[in-house]
Amino acid sequence: MLDLAFVRANLPQVEEKLRARGADPSVLADFATLDAERRTAITDAETLKAQRNALSAEFGKLKREGADTTSISEKSNALKAQTEALEAAASAADDKLRDLLIALPNLPQDSVPAGKSEHDNVLAKTWGEPTNLPNAKPHWELGVDLGILDFDRAAKISGSRFVVHFGSGARLERALANFMLDLHTREHGYAEVLPPTMVNSKSLFGTGQLPKFAEDLFHCDDKGSYTPGEFQDSDHWLIPTAEVPVTNLFRDETIDLTKGPISFCAYTSCYRSEAGSYGKDVRGMIRQHQFQKVELVKFTRPEDSTLQHEQLTRDAETVLERLELPYRRMLLCTGDMGFSSSKTYDLEVWLPGQQTYREISSCSNFESFQARRANIRYKPEGAKKSEYVHTLNGSGLAVGRTYLAILENYQQADGSIRVPEVLVPYMAGETVISKQSLGRAL
């Protein structure tokens, strides 16, 4: 959420940046009027309170003297009624301003390129040469032929956009998660956390998914019920990413950043409805309703967030480099950024079976946008008041997409899959995934 005082002081700049994001700045048309009404009502209410306090003192004096206090009581009651009306008006204007601010996306940093869609994103870096394999197959053919992926049985038990992993395929998924967690905790300094994968609506509000993106989420049919605009503790949602529970660990808290940023990594299942993506990437494992991901989350001081954003992105890139998977880093333009982000890098891995790059990680700096919604603060050294932290996160990596990238990049002429060297210890020494029958003992 944007800062009310900042919007007030920089309204033309805010409108310009919203326009650059493809948002309609007309949503701010009533901002100045509502803000003026709110501030006037607050000022007038305080004036009347002061007058009522003066009457109270006079009332006490007359009471002690035994004089008639009827007139003063009537004036005091009238002032009380006027004050309550002004306070109600200020509260109503405050609610409208809050609703307006809640609906606004974050503002892009000046370093973010202007653009309308993914076609305007800027190539920031490439690593490795795209694998050029003759007769390369996509992962959905490779996995089914090897007997390690089963989309049909998954559809039978759950519906479309699910998959069952068997044998060495299931082990590969587990190996990837363990490798990523070990890398981030042992070398990159993240603390591992295992959070709940069901959260309440207050948590989803804090990170920016609610209320705008409710249709992208899975809501649990429990005793709680979700009403748009009301963010409760009693209803539950399946998480779309571990960003939600991990960021909300510190909701309504003041944290200590005197020793530097706090960095967490978390391995969880994630759930997305993929609303609006019908007909797009329906084959294979690109857009699943359930998938596993290792998430990286950082809490930093504002002056550190730019550097930490670069570091977090490098931490995610290291996973791809250790696996020797060609990738590129894209700087997203203003029109392709997420709602809460002020700057985002997408990492895209090369998939020879599809002859294209696909997103495998999105690394974002949210500045104080999420912290303001979730009320996460820190106290700068020597300061009297606390300030909002900056939050950052990124996939480190999406396990399923890393899995399919390995199938496509490490496929052999006979249809087997060579296991990346760095994963062999996590695969119990298995170096090649060959065709296996259902239920084969490993």
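The values are calculated or read from the model by the stated rules, or taken from the named source; none is laboratory data. Computed from a predicted structure; not experimentally measured. Positions of Cβ are generated from backbone atoms using ideal geometry, with glycine treated the same way; all protein chains shown enter the neighbour counts. The accessibility values were calculated without ligands, DNA or RNA, using every heavy atom of the protein model including side chains. Shrake-Rupley method; radii C 1.70, N 1.55, O 1.52, S 1.80 Å.
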Computed for the chain: size of charge dipole around the Cα centre, +1 on C-beta of each Lys and Arg, -1 on C-beta of each Asp and Glu, debye to nearest 20, value 360 debye
Rounded to two decimals, the Debye log10 I(q)/I(0) of segment 38-138 (Cα scatterers, no solvent) at q = 0.11, 0.12, 0.18, 0.20 Å⁻¹ is -0.64, -0.69, -0.95, -1.03
GNM of the chain, Cα pairs under 10 angstrom: of L257, L149, L397, the biggest fluctuation goes to L257
Expressed as a whole-number percentage, the relative contact order of segment 240-310 with C-alpha contacts under 8 angstrom and at least six residues apart is 42 percent
In whole Hz, the Karplus estimates of ³J(HN,Hα) for segment 408-419 (6.51, -1.76, 1.60; θ = phi - 60°; x where Gly or Pro) are 6, 7, 10, 5, 10, 4, 8, x, 7, 10, 6, 7
Once E46 and W127 are pulled to full extension, the length gained, defined as 0.36 nm per residue separation minus their Cα-Cα distance, is 23.0 nm
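Place a +1 charge on the Cβ of each Lys and Arg in segment 321-399 and a -1 charge on the Cβ of each Asp and Glu, then give the dipole magnitude about the Cα centre in debye, rounded to the nearest 20.
Values: 11 positive and 9 negative charges, 101 e Å.
Using Cβ point charges on Lys, Arg, Asp and Glu, segment 321-399 gives about 480 debye.
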Computed over segment 325-438, the relative contact order (Cα-Cα under 8 Å, seq sep at least six) in percent reads 19 percent
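Rounded to the nearest 5, what % of DSSP beta bridges with both residues in the chain are antiparallel? Let's see the in-between values first.
Numbers: 50 of 55 bridges.
DSSP beta bridges in the chain are roughly 90 percent antiparallel.
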The chain, Gaussian network, Cα under 10 Å: of K385, K61, K212, the residue fluctuating most is K61
Cα gyration tensor of the chain diagonalised, 5x eigenvalues square-rooted, in angstrom largest first, produces semi-axes 53, 22, 20
Each label sits 7 Å from Cα toward the beta-carbon; between R174 and D120 the label points are separated, in nm, by 4.7 nm
Non-local residues with an amide H under 5 Å from the amide H of S361, with H modelled 1.01 Å from N and Pro and chain starts lacking one, are L347
Here the averaged projected area of segment 152-205, based on the convex hull of its alpha-carbon atoms and given in nm², is 6.1 nm²
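At a 1.4 Å probe radius, which order do W140, W237 fall into by accessible area, largest first? Provide the component values of the computation, followed by the final result.
Values: W140 45, W237 5 Å².
Solvent-accessible surface, decreasing: W140, W237.
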Simple SL model, points at 7 angstrom along Cα→Cβ for K156 and L62; separation in nm is 8.8 nm
Bounding extents of segment 356-442 in its principal axis frame from Cα atoms, largest first in Å, are 66, 31, 24
tail above 23 Å in the computed P(r) of segment 298-442, as % of all Cα-Cα pairs, reads 49 percent
By the Cα gyration tensor axes a ≥ b ≥ c (a/c under 1.5 gives rounded; else a/b larger than b/c gives prolate, otherwise oblate), the shape of segment 132-260 is oblate
For D235, the residues 5 or more places away or on another chain with a placed amide H closer than 5 Å to its own amide H are S201
Kirkwood Rh over alpha-carbon pairs of segment 189-271 plugged into Stokes-Einstein at 37 °C, 0.692 mPa s gives a D in µm²/s of 242 µm²/s
In this structure, among K212/K379; K202/K298; K17/K259; K212/K343; K116/K212, pairs with alpha-carbon gaps over 23 Å are K212/K379; K17/K259
Dividing the mean separation of Cα pairs under 8 Å (6+ apart) by the residue count of the chain yields a relative contact order in percent of 20 percent
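In Å², and per residue, what accessible area does the chain have when probed at 1.4 Å with the other protein chains present?
Details: 21020 Å² over 442 residues.
Computed with neighbouring chains in place, this is 48 Å² per residue.
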Ranked by GNM mean-square fluctuation in the chain (Cα springs under 10 Å), the top entry among T241, T356, T313 is T356
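What part of the accessible area of the chain, given as a whole %, is carbon or sulfur when the probe is 1.4 angstrom? Don't skip to the answer; put the middle values down first.
Numbers: 10130 of 21020 Å².
That fraction is 48 percent.
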The farthest towards the positive end of the charge dipole of the chain, of the residues G382, N121, G22, given +1 on Cβ of Lys and Arg and -1 on Cβ of Asp and Glu, is G382
